[in-house]
1. Among all residue pairs at least 6 apart or on different chains, which show Cβ distances below 6 Å where the first residue, located in segment 83-99, is touching a residue at least 24 places away in the same chain (Cβ under 8 Å) and the second is outside any strand (DSSP E or B) and loosely packed, with under 12 Cβ neighbours inside 10 Å?
2. Go through segment 100-125 residue by residue and tally those that are under 18 Å from the mean Cα position of the chain (by Cα), touching a residue at least 24 places away in the same chain (Cβ under 8 Å) and assigned to a loop (DSSP other than H, G, I, E, B).
3. Of all the residues that make up segment 78-124, how many are surrounded by 18 or more Cβ atoms within 10 Å (Cβ to Cβ) and farther than 22 Å from residue 36 by Cα?
């Protein structure tokens, strides 16, 4: 009998069996922390509680080309370059806001937007965002949920990866 290391199984065997779902799970796990911080920033600003805004200004991952490639494919941008991954490639996801200096102005979710960049080029999402290369925060979150198959969960990744992914994938519970 041959024993397969769990890491080898998770990174080599499962992706061949359910490549799209495993990619979505992999990228979702990677993006969970930055998206959580973005949500906290937006909510604190909308609630008018700048003291609750996380102090985090940037999250930086240093990765192999595999991680960048999976993220590039995950976003399915209209102008995505899915075949060319040059050395030192990068993907950035930026949260922006129009915050007026007027202290009486109450921010709402429509004052925030997200831009996704690959090697300095703005990704475009023509079918999902009113301004293709600048999705409103609401549009971006809708796109994550409805188009990109972002895997929302409150469990940790060890529990997710240990679960029977075949049943979840086949029956649409993702």
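The values are calculated or read from the model by the stated rules, or taken from the named source; none is laboratory data. Note that the structure is predicted; figures quoted are calculated from it, not measured. When we count neighbours, we look across all protein chains shown, and the Cβ atoms used for this are built from the backbone with ideal geometry, even at glycine.
1. So the pair list comes out empty.
2. Total meeting the criteria: 4.
3. 1
Quick grid of which residues meet (1) at pLDDT below 85; (2) part of a helix (DSSP H, G or I):
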| residue | (1), (2) |
| --- | --- |
| 63 | yes, no |
| 92 | no, no |
| 139 | no, yes |
| 148 | yes, no |
| 151 | yes, no |
| 158 | yes, yes |
